Structures are given as C-alpha cells and as structure tokens.
Amino acid sequence: MPKTLTQKILEDHIACETPEEYALKIDQTLTQDATGTMAYLEFEAIGLERVQTELSISYVDHNTLQSGFENADDHRFLQDIAKKYGIYYSRPGNGICHQVHLERFGIPGKTLLGSDSHTPTGGGIGMIAIGAGGLDVAAAMAGMPFSIPKPKVVGVVLKSELSPWVSAKDIILEVLRRVTVKGGVGRIFEYTGDGVRSLSVPERATITNMGAELGATASIFPSDDVTRTFLAAQGRQHHWKPLEADEGAVYNEVIEIDLSLLEPLAACPHSPDNIVRIQELAGRKVDQVLIGSCTNSSLKDLMMVASVLRGRTVHPDTSFGIAPGSRQVLSMLAENGALTDIISAGARILESACGPCIGMGQAPRTNAVSVRTFNRNFKGRSGTKSAEVYLTSPEVAVACALSGHFIDPRELGDYPVITLPDTFLIDDSMILPPAKDPGSVEVLRGPNIKPLPKRGPMEDTMDLEVLLKLQDNITTDDIMPAGAKILPLRSNIEAISHYVFSGIDPDFSAHAKEARSGCILARDNYGQGSSREHAALAPMYLGVKAVLARSFARIHRSNLINFGILPIIIDSETYAAVERGARIVLEHILPAIDGAAALDARDTLTGRKLDCTISLSEREREILKEGGLLNYIKSKVRG
C-alpha cells in the first residue's frame, strides 16, 4: 500500500506501539538555554554517565542578555554539562538553535526531539522533528523512546509558484488562516505537490517552523534535489538521501493551495491565526520593525532585505532592527557587502539569537505598532503589554520600515533577484565537542541553580480550590511569562514561581501557596505556545494538582502529566457551572487513571456532581500514578 513520507519515517523509528501511541526511537536531541538547564538537571537525576542518542546538542540562544550573573552562570553550567555527558555545545553568538541545526546537523529521515516548540523547523530538511518539554528530552537523551498519540497526516498540496513579493511566510499564514491555532493538534502536516520544488530549504523551514502555531506535532517536506543542493552548500552532501511520499499515498485530510493566488498577508494582534491581507492594513503607521527569529533570518531572507534597502534610508519615525539567524549568516552578509547596505539604511544590528522574539530586548514603546517576522504575537510577549504586534514576511517588514506605515511590498517595484553561493562559509569553531575525558570535568553551578522540586505518588482523593477561571487559547506565556526579567530565573523554580499567571492575576502565586492545593479551570486549547515545562513545573510547585479544561495543547498536556498534574476534560456545562473560588473534591482518582472507574468529582459549594473525565494512554497512566515522569523513570531503573 502506498505510504506517506510521514508513515515511512515513523515506521522506521517505532520502538513499540499501542492502539493509542507510537513510541519512537529518537536519533537527535536539541536543547536551548531557556529550557536546557532544567532538562540537564533532570538528566543528571536519571543517573546515566553519557547520553544515549546519535547526537545531542545544547544551544545558547534565548537568554544571551547578561544583565546579571544568572544567565552567564547558566551558560557555564550548560557548557560543563555538555562536556561531561557527551553533548555538543553551541556557544552564545553562534546562532539560533533551529537555524544552526538546519545548517550543520539536520539529516533527512532522522528523528529530532527538542525542548523548544519550534523544533519542527527541522521538517524543512525532511526530518520528523518534534517539540517537547525538557523532561521528555532528558528521557530521550537517556535512550528512552518518545511517545506521541498516533497522528493524522494532513497532505498540504502546493500548486504552481509564488508571485514576486509573496513568500513562504504567506504560505504558512494562509494555512493558519484556514486551520487556526488549534486545528493542527494531533496532526502532522506533510507538504507535497509541484509547488514544493520552487521552495528553498530555508523557505520550507519557515513553513515547518510555524507549524508549531497550528498546534501540530510536526510538519515535513520531502528530501529532494533542493535539499541535496542545500546540504552540498553546507559541505554535508553525504547526509542527503531522497525521501518522498509514494505515488497514490492517502492522507487523512488534504489542503490545496495555489501559490500563484496568494497575496502578502499579516497575522494581526494577538494571535498567529488572525490573518488579513496587507492591503487591508495599508496606510496604518508602523513604529517598529524587527526582522529575524528562527522563522525568517536565513541568508536568503536577509539578502533580499539588504537588496531592498540598498541606497535607501529607514523612515525616521520607525525603529528598525535585524537579527541574523546564525553566525554563518552574519559572517556571509559581512563578507558579501550586504551588511553594509543594511547598516547604511539605518538598521540596528542585533545579536544572532532569539532576542526580541522571546522578549529579550527591543520592547516597543507604549501603544506601538510593531511589525515582526517572528512566529508569535501573544499579548505582552514583546515586553510591552499595550503594543500591537503583527507577524509578516521579511518582504512586508522591510517595506514597512522604509515607508513608516503598512504598505503592500509589490508597490516597491521589481522583486530583487537573489543568487545564493554554491558553498556557504563553514566555521564550526563555536560548536564545542564533548570532553574526551568526561571524568575530569567539574560542573560549576551558580547560586541561582537550585535542585528540582519533587512530587510524591498520585493521591486517590483531592480537595482543590479553583484558583482561576480562564477562557480559550491560554498560552504558556499567560501561565509562565518570558522576558528579560523572568527568564533568568528559569533554573530556580521557587523564584520563578512568583510570576505564574502574573499577567492575569498578580496575586496568583501568593494565593496558590495559601490554598496549598488547587486547580485551574479553562476552556479550549489550554497551554498553546511554547514547550516551556516551567508552565507546568512552577504551578506544581505552588500546589496546582489538576487543570480542568475542554481541550489541551499537545506539548503542555504532556508536561502536565510529566509533573503529576491531572489533565481533566470537562464539558461546557461543567465549565459554566463552576466559578473561581469553588472547591472541587476529586475521589477515586487512581481507579479513574487506570480506566477502571469514573472520576468522582463534585463542587462542594453547590453539591453539584461534575462531568469530569481523564483520557490517558497506558504509559500516561503509569506516569501519573508515580506522580510524574522522573519518578516513573526512577521506578523503572529500580525495577
């Protein structure tokens, strides 16, 4: 029977299978510094002397702003851990993990698990690349399979070619317009059709990167001659192999997009699926433009930007910054003169790092309109709560920077012709290999690096206060904010827990501690956004023992289970009936986890019995009964 490309790679990596899940062998892992310190503390707790993967890499790209000792201490900790446990270490300044991994490490047909939600970027090179919480990545580094619910495979058929000034960013914005931020849950998006051949690997990676905004498990393109050309330019042609779906492969769902009909688009505040045509925004003043992030910071993107800027000057009322995605990109821009064009136009050159995408600097002014080539525009993520952030292509962004307002880039004239070199600049001197003598490595730990909080086995009865009642699409930024003030505390759960839900309820942390045992009530797609496990770990530390919601985002649901928090499904009536401050008693939890009995739930203030269910795989049941994944792993090691 003809197979999809997704089926082929998954089947090659199945370690075991149940009716609900695939447990996959993971070839490669990546971490970044905002999630990596916790992931490596968790790996240490497992007790192995060496990672068990083909390749594991620790990137420093998120918390590079060193306004205090915390980030620098963590960078040294990460470097020492990498040396000791067989992990490669990409130093600060070497670039954004997804861009660098694509350039230097990605291999078609391999599996990649990363403690960053945008790990699916690797699908642009033909990998099954999946984002997960740090504890899941630690387990994968220990050689354990990674389990996913058996996904539906969506075939996205791309026809024809893009028109001038329309880009790959507009393709994924069109998919988001059709599918929404929760429409990809439980799905892998596989791109096919004759239009695929017209897209370079960096363009494909833009699309797979923002598949994370769909809630998708992964996104993938075939490995074809375009892929071979990219790998050859990186001196890695030996890693190439052809991979594509069989002719006649059947998909669970099909989306067709005629690329020639697409127009420049934008995602409006405050969601990546709030899509309009740029022409609908024309004339509106723009205060800030930022080009970069793991979505749009490739050499091709920035060469186009430099060509448009050549001989022009940025509008005097618009702040304009550019962050190349990697040291390789920055060096090549400097070497070919494009960096001079960018600087001469009045751009501010930012570090090759995530930077403003994760709230590390470049916060816009009060009430500003900020146009960004990033992947998320959640309220307050920029560092300025009153700002309105729009997500666009680099073509739209550079046009806005020059004009000072929204403008269709097609008004700029002829689209620049960009010719990329056959060979890219290859310098891996900022990627440090593991130590040859790991026993000689001393791991230095700064005072902000604290031991992991622990949770005991699951209780059979809970008496919980409803600490918050929330709406749809609560993001991990809502739960555990990022930014330059909070992220440096990521290695200290007690300290960072003071900021849980702080943008919604500044007193949440104190109230949760006082309640000692609580739960959260929400509607659909609870926990969308990043893979940061702190959004589960810090609430667990505060005594949150359950989240009651109509549906959950995939990664966050896994993180809740990993830290012993019950992900309980409720119906609309239950949501409407229960208010903040209510007390919910859960009984017969252990039989309910086992699937042997219904969960007994009632609101003690009204006496009302609540419709609450727990839907779990066999593996998830065992993890929850132990009180979390780390306890589960230790029980297996003891066994």
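The values are calculated or read from the model by the stated rules, or taken from the named source; none is laboratory data. Treat the numbers as computed from the prediction; the structure is a model and nothing was measured. Using ideal geometry, Cβ is built from the backbone for each residue, glycine included, and neighbour counts are taken over all protein chains shown.
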Considering every residue within segment 221-232, establish whether at least one is in the same structural domain as L162 (by TED's automatic domain parsing), part of a loop (DSSP other than H, G, I, E, B), β-branched (V, I, T) and modelled with pLDDT of 95 or more. no
So which of A435, A353, A401 ends up being within 29 Å of R236 (Cα to Cα), of a type in the set (A, V, I, L, M) and in the same structural domain as Q279 (by TED's automatic domain parsing)? A353
Within the set of pairs 6+ apart or on separate chains, which have a first residue in segment 303-321 that is touching a residue at least 60 places away in the same chain (Cβ under 8 Å), a second that is surrounded by fewer than 22 Cβ atoms within 10 Å (Cβ to Cβ) and of a type in the set (D, E), and C-beta atoms under 6 Å apart? L309/D341
Going residue by residue through segment 566-588, is there one that turns out to be touching a residue at least 60 places away in the same chain (Cβ under 8 Å) and touching a helix residue (DSSP H, G or I) at 6+ places or on another chain (Cβ under 6 Å)? no
Out of segment 501-547, which residues are within 13 Å of R557 (Cβ to Cβ) and among the hydroxyl-bearing types (S, T, Y)? Y526, S531
Of all residues making up segment 349-379, the number that are aliphatic (A, V, I, L, M) and without any contact (Cβ under 8 Å) to a residue 40 or more places away in the chain: 2
Take the residues in segment 284-303 that are among the aliphatic types (A, V, I, L, M) and crowded, with 24+ Cβ neighbours inside 10 Å; name whichever of them is nearest to P416 (Cα to Cα). L302
Test: T419 is in a loop (DSSP other than H, G, I, E, B), among the polar types (S, T, N, Q) and surrounded by fewer than 17 Cβ atoms within 10 Å (Cβ to Cβ): yes
Please enumerate the residues belonging to segment 479-490 that are touching a residue at least 12 places away in the same chain (Cβ under 8 Å) and surrounded by fewer than 23 Cβ atoms within 10 Å (Cβ to Cβ). G483, A484, I486, L489
Any chance you could count how many residues in segment 356-405 are surrounded by 24 or more Cβ atoms within 10 Å (Cβ to Cβ), not in a loop (DSSP other than H, G, I, E, B) and not acidic (D, E)? 16
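Does segment 599-614 contain at least one residue that is in contact with a Ser or Thr (Cβ under 8 Å, 6 or more places away or on another chain), assigned by TED's automatic domain parsing to the domain that holds S531, of a type in the set (K, R) and surrounded by fewer than 23 Cβ atoms within 10 Å (Cβ to Cβ)? Walk me through it before giving the result.
Taking segment 599-614 as the starting set, the residues that turn out to be in contact with a Ser or Thr (Cβ under 8 Å, 6 or more places away or on another chain) are 599, 610-612.
Still in the list and also assigned by TED's automatic domain parsing to the domain that holds S531: 599, 610-612.
Those left that are additionally of a type in the set (K, R): none.
Among the residues of segment 599-614, not one is in contact with a Ser or Thr (Cβ under 8 Å, 6 or more places away or on another chain), assigned by TED's automatic domain parsing to the domain that holds S531, of a type in the set (K, R) and surrounded by fewer than 23 Cβ atoms within 10 Å (Cβ to Cβ), which makes the answer no.
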So, T4, is that one modelled with pLDDT under 95 and crowded, with 22+ Cβ neighbours inside 10 Å or not? no
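Could you check, for segment 527-544, whether at least one of its residues is in contact (Cβ under 8 Å) with a residue 60 or more places away in the chain, over 24 Å from R490 (Cβ atoms) and of a type in the set (S, T, N, Q)?
no
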Look through P409, P433, P481 and report the one residue that is at pLDDT 95 or above and closer than 28 Å to P394 by Cβ. P409
Quick one: in segment 183-227, which of the residues that are free of Cβ contacts under 8 Å to residues at least 60 places away in the same chain and of a type in the set (D, E, K, R) is surrounded by the most Cβ atoms within 10 Å (Cβ to Cβ)? D224
For segment 524-539, does any single residue satisfy the condition of being buried (at least 24 other Cβ atoms within 10 Å of the Cβ) and among the basic types (K, R)? yes
Just checking, does segment 47-54 include any residue being at pLDDT 95 or above and buried (at least 24 other Cβ atoms within 10 Å of the Cβ)? no
Checking the structure you have, find out if any residue of segment 142-156 is part of a helix (DSSP H, G or I) and farther than 25 Å from A245 by Cα. no
